[in-house]
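Asker: Could you have a look at this structure, given as structure tokens, before my questions?
The values are calculated or read from the model by the stated rules, or taken from the named source; none is laboratory data. On a predicted model such as this, the values are computed, not experimentally measured, just so you know. Cβ sites come from the backbone with ideal geometry, for glycine too, and all protein chains shown count toward neighbours. Accessible surface areas use protein heavy atoms only, side chains included; no ligands, DNA or RNA. Shrake-Rupley method; radii C 1.70, N 1.55, O 1.52, S 1.80 Å.
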Amino acid sequence: MEKPAILVVEDDANVGESIRLLLKKRGYSIFLASNGREALRLLRQETVNLVITDLVMPKMDGMALLEAVKKFKPETEVIVISAQGTIERAVQAIKMGAFDFIEKPINPRIIALVVERALEKETLLLQSRDLHSRLEGQFHFSNIVGKSEKMRRVFQLIRHIAPYDSSVLIMGESGTGKELIANAIHYNSPRSPMPFIKVSCATLSEGIIESELFGHERGAFTGAITSRKGRFELAHGGTLFLDEVEDIPAATQIKLLRVLQEGEFDRVGGSRTIHVNIRVIAASNRDLQEEVEKGTFREDLYYRLNVVNIKLPPLRERREDISLLVPFFIEKYNQKYQMEVKGISQRAMDVLLHYPWRGNVRELENTIESILVVHSPSTIDLPHLPPEIRNVEESQEVIPVRLGTPLEEVEKEILLETLRMTKGNKRKAAKLLGIHVRTIHRKMEEL
Ligand SMILES: Nc1ncnc2c1ncn2[C@@H]1O[C@H](COP(=O)(O)OP(=O)(O)OP(=O)(O)O)[C@@H](O)[C@H]1O
Ligand SMILES: [Mg+2]
């Protein structure tokens, strides 16, 4: 298993060394360079999967290096490090093709996350040629996989609405792919060369969310030593992704509404009105309409966000996608970990097909990744599955049914699940269901 190699370019030896240690601990192999020229020399000699570069450096600075990498090795992602005062340039770097920027002082968790995402993108790019030929075009869209009727409708909708500027509200349980969809919309829109900026509304405390969104002027509050642009300004020309939008505090909701209506706002502690041109995509794992009825979410804001509505069905309501997602993830992690897992046995796949997947696609993806890492099997089989998944079949004699599900669907699900429980024995199933075995035959034919 080969470790991904990262080239760190930083003229301050202390900072360079601390990044090296941080990433080494995470299992990457690291090259260090102190300016752009040295970095280019290393890039020619070594296999490098990712470049992390400071912006201000003697000899050849980060921007010039970025330009050279994008010309010379466009598939290599570049992350730029920005210090206070160079944020503008970092944003410029993103426009020039940098993957992302991280701010100094470097937060170990953030750098690890950004690195992981950048490397993931690299492998996906490398394998996409492969996948294109293997998966039929209509079953995937920007790395979103699915062949169920429900997902195909979602792909169609995205293709259709991506080019327009209308707000989009994506609703779905945790792990159903909301962020993936938001990304796909942005990258399939004319705004794609401009930034895609994400705000995780749930992780921002009430006190700081406004300065995060709208920025602040110097002296706006204790600690505001310099003025700072908010995410709205950073997203100018591009897309702002409001994740977990249901968690925006009431006072901020009204300000948000104003920006959406007028396209303008003030920084915290500022009096100058700032105009922005952005597209907003919001995501929620709750039913926002219900939150409106409960009075925790403003109705006018809801209507503003909900111009286009995308509902992502939970994985258990589109089980046919599992048989496409499993090979997709095997391929993805084969690439990531340099493995050659060939596939999955039918009996193991059967178990995956029937598992309830409360954590949705994310849970499925994590399961496949962990099987590969723990067992690196040549083919995935029953013993490789985690016990909680393997055992669910025997214990699971209950299926969740959402109120309001059409009876026809409920009947179908109960019929199929009962047959599964009786291992396909129709006579036994008929007895349990209190119907004649002929009725089962007839219903099966109708399905
Ligand atoms: N249809 C899909 N095809 C391929 N990968 C998918 C699909 N749906 C989700 N994933 C993967 O599953 C993981 C979870 O997706 P994502 O983060 O978009 O979910 P989410 O709905 O935003 O979850 P949460 O509400 O917990 O934030 C990601 O790694 C994503 O790439
Ligand atoms: Mg998410």
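Asker: So in the range 301-318, with the set limited to residues that are away from ligand 1 (no atom under 12 Å from the Cβ) and touching a helix residue (DSSP H, G or I) at 6+ places or on another chain (Cβ under 6 Å), which one is farthest from A250 (Cα to Cα)?
Answerer: V308
Asker: Would you say L204 is more than 16 Å from ligand 1 (Cβ to nearest atom) and either buried (at least 21 other Cβ atoms within 10 Å of the Cβ) or not β-branched (V, I, T) (or both)?
Answerer: Here the answer is no, as L204 does not meet what is asked.
Asker: Looking only at residues that are surrounded by 17 or more Cβ atoms within 10 Å (Cβ to Cβ) and without any contact (Cβ under 8 Å) to a residue 40 or more places away in the chain in the range 78-88, which one is farthest from the chain's Cα centre (by Cα)?
Answerer: Among residues in the range 78-88 that are surrounded by 17 or more Cβ atoms within 10 Å (Cβ to Cβ) and without any contact (Cβ under 8 Å) to a residue 40 or more places away in the chain, the one farthest from the chain's Cα centre (by Cα) is T86.
Asker: Here is a follow-up. When only residues in the range 147-189 that are among the hydroxyl-bearing types (S, T, Y) and within 12 Å of ligand 1 (Cβ to nearest atom) count, which is surrounded by the most Cβ atoms within 10 Å (Cβ to Cβ)?
Answerer: T176
Asker: Against the definition (surrounded by 14 or more Cβ atoms within 10 Å (Cβ to Cβ) and either at pLDDT below 85 or in a helix (DSSP H, G or I) (or both)), how does K336 come out, yes or no?
Answerer: So K336 fits the description; yes.
Asker: Which residue is nearest to ligand 1 (Cβ to nearest atom), if the candidates are limited to the range 241-272 and must be open to solvent by 60 Å² or more (accessible area, probe 1.4 Å) and not in a helix (DSSP H, G or I)?
Answerer: Result: G269.
Asker: Give just the number: which of (1) among the polar types (S, T, N, Q); (2) within 25 Å of Q261 (Cβ to Cβ); (3) within 16 Å of ligand 2 (Cβ to nearest atom) does S167 not satisfy?
Answerer: (3)
Asker: Collect the residues in the range 207-229 that are of a type in the set (D, E, K, R) and surrounded by 15 or more Cβ atoms within 10 Å (Cβ to Cβ), keeping them in residue-number order.
Answerer: The answer is E210, E212, E217, R228, K229.
Asker: Moving to a separate point now. Within the range 273-298, restricting attention to residues that are of a type in the set (D, E, K, R) and loosely packed, with under 15 Cβ neighbours inside 10 Å, which residue is nearest to ligand 1 (Cβ to nearest atom)?
Answerer: Per the criteria, the residue is D287.
Asker: Then there is this: Hey, which of the helices (runs of 4 or more DSSP H) in the range 349-425, taking only ones fully inside, have at least 1 residues that are at positive phi and surrounded by 12 or more Cβ atoms within 10 Å (Cβ to Cβ)?
Answerer: Result: 360-375.
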